[in-house]
Amino acid sequence: MTANVTHVPATHEKPSRTAGALAGTGHLVRLALRRDRIVLPVWALVIAFLAASGASAFEALYPNPAERAGLTASVAANPSFAIMFGPAYDLETAGGFTAWRFGTIAALLTSLIAAFTVTRHTRQEEDTGRQELLSSAVVGRYAPLTAGVTTAGLFSLTTGALLAAMVTGVGADATGSVAFGAAVALCGLVFTGVAAVTAQLAEYSRTANTLAGSTFGVLFLLRAAGDTSDAEWLSWLSPVGWVHRVRAFAENEWWVLALPAATTLGLCAAAYALLPRRDVGMSLIPGRPGRATAGAGLRTSLALSWRLHRGALIGWIVGFGVMGMLFGTLASGVGDIVGDSAEMKRMLQQMGGARGIEDAFLSSITGMVAMIGSMYAVQATLRMRYEETALRVEPLLTTGVGRLRWLGGHLLFVLAGTAAVLAVCGALLGLGYGLSSGDVGGEWPRVFGATLAQLPAMWVVAGAAVLLFGLVPRATVAAWALAAAFVLISMFGPILELPQAVLNVSPFAHVPQLPHAEFSATPLLWLTATAAALVAMGVTALRRRDIG
Amino acid sequence: MTHNAVSSAPSGATAHEAIGVAGLRKTFGRTTALDGLDLHVETGEVHGFLGPNGSGKSTTIRVLLGLLRADGGDVRLLDGDPWRQAATLHRRLAYVPGDVNLWPNLSGGEVIDLLGRLRGGLDKRRRAELIERFELDPTKKGRTYSKGNRQKVALVAGLASDVELLILDEPTSGLDPLMEAAFQETIREVRGEGRTVLLSSHILAEVEALCDRVSIIRAGRTVETGTLDDLRHLTRTSISAELAGHPNGLATLPHVHDLRVDGNTVRFDVDTDSLDEALRRLTDIGVRSLTSTPPTLEELFLRHYTDELPATEAERAETAGREEKTRTAP
């Protein structure tokens, strides 16, 4: 026994506690930057380029003061602009126009990419078991979280800096550009913090991302509700609203930047406090044991699909229901918040009076709902690819389940799920508008029908995703880029004066602007046929290709 | 129209064959995964499927399951075409993959029942028996299982189904020795019931204990197939002997390998088929003592896995060199 005692290491210098807990952070940051070396720079460039192209288009679109005054008046007269883009503080300059029109989208993209980056390098590493491999090396307890937050933070700040530089480069005021860039970057930092927290709360990376994304959605709605009603203080509660309240290019309210900065610090502190309270790979919300035997209902591939899709589907339905009710209620008052100057009265008259404004508002809401809702279609389609790469399709396809049946079970949730999300939103939009305008029977069918008219366009997005999944499975994720491109083309294509051929690429361009415009069935039939053809091609391709 | 290389007319399988594969080819881009592979599994036998990592075992199995489409050759499974009749054939077989991933929000018990039902029902008594035998907790959810326990979920799901054919791809890679024993017991029962098993494995003891016949593949081709006894004849016996006189003429004998002579002591390996001839030569000289080490399958496999492979040797040397460098790095 005495001969071979275990090896006792020679006196180690005692590492300080904090240094130990953060050991290896530098290596992990380098690893994260190496893994994201293409995707993060590309997104930073896209976001900055988008804003800069808006700024450079301004001079061409509104060359003289008269036209700029006209723009200011029409934006003030039409509250549907305030929903999507937020409040406008200065539409006389290219910079002010850019901050208004592109502030929300720049903040949205920066925030989501930052949040997904945090999740990718923290919770997802735990999901895949790679974290264990890393943690067994000299990696401190807080190192992975610190590395994820650092990487996402670097991305946000780089995007903000690039955006400021490019907007200045096309001739906007330098100070305003810095304020605008800082506002966008700090919104990204807030969502870096949000994701740092959701990575501790959620059990899986998908859940963590969904929580962070939903947080943005809720804060966006809060901002939109505040900006289209008397309760402006609601916007002050939302980090998405702070992006505009910096008033870049107008008054440049620098102190507002302190709000997101403090929020970021608070969220990160919360994440660091939560981290040691859980084990690696586990969540704070503990999993419960399941059933020992399957319930009677779980006997088909379709039943399994329901189990896999129901969480996301219910989440989207609830979120879109709330959104529909909220905007339906707001819609009947939007005519009132327009001022009563003579100029405003003239604008109002042009738009068909208060009723015209409300219809325009509702049609821009349904357009927005369709674009965001098509993200559900993409998410549900990607679920199939996720199942395939996780090797969970093979055990199913090696039973009596054929490829068509497996695919059918998922496609039902892609296509009917999208319809359900849209229908619930439309029903509540109509109800909210009907109740507040006092004519449910008259208004509900109009608004509900107008919302449903968006469905074929959403199905086209779904069809494109299904085709990618069938034909080039490795590139299925590109469905996100495709959907984002459609949305960007529809929202910013007209203002950037893109050629009509490009605008027509987006399915949303073909939907009649109901209830504001005339109904026309032809484009809807074409869109439905296109969607059906895309899905059919995707299904055929999947039947012929290798699985796995 | 894509061509259909897997023709059903001239069948690679005969009536009593559960699996008949002839000249199977499959490429992924520029990589050739299967290069004219043959595999014949008779009904009612446990057939071992062996080969080094990356030799094409899983690819073959995935073609047999209709997940991959063959680029050429004949593939028959239970007298059907696995690509065209996948779902119908799958009701008659169960598959246990080597990498098991479970749905995070489903418990192990739910997965077992679901897969069984999708296959057309499973034996409740057998399910309970297997859960007991493999000491599996069916109430845990997807990711909370260890690798071994995920493997057990797939094993119970596969073994509890009433099917003719079991296709097992390294099914015991995460199991402890007790569970390995439980697995072997179960496979013996399965064979007793007249079912067919295709067992891909790296565990030679398992193969020796269970398999009637084996096929060894390398780089997408079958290099050896037969019963274990057949294969034993291909192995070499190691002989170490102290002789009465100087060992002359041993080197000229065919089938003697690695001869080392030290005075009157000799050591050599001899092909088991030629053992008799070699021993006769030794007794001619006079034997004082003799040790013979019986042939093991392991040696045979090692030879098949590494022989005729200058490239692999070179790769290994290179890898070793790299490891050296890594170790000496600060």
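Residue by residue, the range A:417-423 carries 3J(HN,Hα) couplings of x, 4, 4, 5, 4, 5, 5 Hz when phi is fed to the Karplus relation 6.51 cos²θ - 1.76 cosθ + 1.60 (θ = phi - 60°); x denotes Gly or Pro. Roughly how tilted is helix A:143-169, in degrees to the nearest 10 and between 0 and 90, from the longest Cα axis of chain A? With both axes taken from Cα atoms, the answer is about 30 degrees. When the Cα positions of B:Val100, B:Gly51, B:Leu198 are compared along the charge dipole of chain B, B:Val100 comes out farthest toward the positive end, with charges on each C-beta of Lys, Arg, Asp and Glu. Of all DSSP beta bridges confined to the range B:17-226, the antiparallel ones make up roughly 55%.
The residues packed around A:Arg543, meaning those with a beta-carbon under 15 Å from its beta-carbon, carry a net charge of +3 if Lys and Arg are +1 and Asp and Glu are -1. Classify chain A as rounded, prolate or oblate, taking a ≥ b ≥ c as the square roots of the eigenvalues of its Cα gyration tensor: rounded when a/c is under 1.5, otherwise prolate if a/b is larger than b/c and oblate if not. Since a/c reaches 1.5 but b/c is at least a/b, the shape of chain A is classed as oblate. By other beta-carbon atoms within 10 Å, ranking B:Leu64, A:Leu33 with the fewest at the front produces A:Leu33, B:Leu64. Using a simple spin-label model with pseudo-atoms 7 Å out from Cα toward Cβ, B:Thr31 and A:Arg307 lie 3.2 nm apart. Amide H contacts under 5 Å for B:Phe49: B:Leu199, B:Ser200, B:Ser201, B:Ser215, restricted to partners 5 or more places along the chain or on a different chain, H placed in the peptide plane at 1.01 Å from N.
Remark: the A:Thr540-A:Trp526 segment gains 2.9 nm on full extension, using 0.36 nm per residue and subtracting the alpha carbon distance.
Tell me, what HN-Hα J-couplings in whole Hz come from the Karplus equation 6.51 cos²θ - 1.76 cosθ + 1.60 at θ = phi - 60° for each residue of the range B:29-45, using x for Gly and Pro? Listing the rounded values in order: x, 8, 7, 9, 8, 10, 10, x, 7, 10, 7, 10, 10, 7, 4, x, 9 Hz. Computed from Cα positions, the angle between helix B:147-159 and the longest principal axis of chain B comes to roughly 70 degrees. Take every pair of alpha-carbon atoms less than 8 Å apart whose residues are at least six positions apart; their mean separation over the length of the range B:236-294 yields a relative contact order of 51 percent. Here is how the number arises for the protein assembly as shown: DSSP H runs of 4 or more residues each give -39500 (n - 2.57), the sum is divided by the residue count, and the result at 222 nm is -19000 deg cm²/dmol. Angle of helix A:65-77 to the longest C-alpha principal axis of chain A, folded into 0 to 90 degrees and rounded to 10: 70°.
Relative contact order for the range A:301-548: 27 percent, from Cα pairs under 8 Å spaced at least 6 residues apart, divided by residue count. Among B:Asp113, B:Asp169, sorting on how many other beta-carbon atoms sit within 10 Å of each Cβ, with the fewest leading, yields B:Asp169, B:Asp113. Legend: ranking of residues A:Leu431, A:Leu488 from fewest to most surrounding C-beta atoms inside 10 Å; resulting order A:Leu488, A:Leu431.
Residues of the range B:193-214 with an amide N closer than 20 Å to a point placed 7 Å from the Cα of B:Asp273 along the Cα-to-Cβ direction: B:213-214. The spacing between the range B:87-154 and the range A:402-432, judged by their C-alpha centroids, is 30 Å. Run through the DSSP bridge list for the protein assembly as shown and note the antiparallel percent, rounded to the nearest 5. In the protein assembly as shown, approximately 70 percent of DSSP beta bridges are antiparallel ones.
Charges were assigned to the Cβ only: +1 to each Lys and Arg, -1 to each Asp and Glu. The resulting dipole of chain B about its Cα centre is roughly 1360 debye.
About the centre of its Cα atoms, the protein assembly as shown shows a dipole size close to 1020 debye [charges on the beta carbon of Lys, Arg (+1) and Asp, Glu (-1) only; nearest 20 debye]. Counts of other chain beta carbons within 10 angstrom of each beta carbon in peptide B:97-103 average 4. Binning all Cα-Cα separations of the range B:236-294 at 5 Å, short to long from zero, yields these whole-percent fractions: 4, 22, 37, 28, 8, 0.
Relative to the Cα centre, the charge distribution of the range A:301-548, modelled as +1 at Lys and Arg Cβ and -1 at Asp and Glu Cβ, gives a dipole magnitude of about 1100 debye. Counting Lys and Arg as +1 and Asp and Glu as -1 over every other residue whose Cβ lies under 9 Å from the Cβ of B:Arg191, the net charge comes to -2.
Counting charges near B:Leu68 (Lys, Arg +1; Asp, Glu -1) among other residues having Cβ under 10 Å from its Cβ returns a value of +2. Each of B:Leu118, A:Leu435, A:Val167 was scored by the projection of its Cα onto the charge dipole of the protein assembly as shown, and the greatest displacement toward the positive side belongs to A:Leu435; charges sit on the C-beta of Lys, Arg, Asp and Glu.
Laboratory data are not the source of any read-out in this text; all were calculated from the coordinates shown. Computed from a predicted structure; not experimentally measured. All Cβ positions, even for glycine, are placed from backbone atoms using ideal geometry, and neighbour counts span all protein chains on display.
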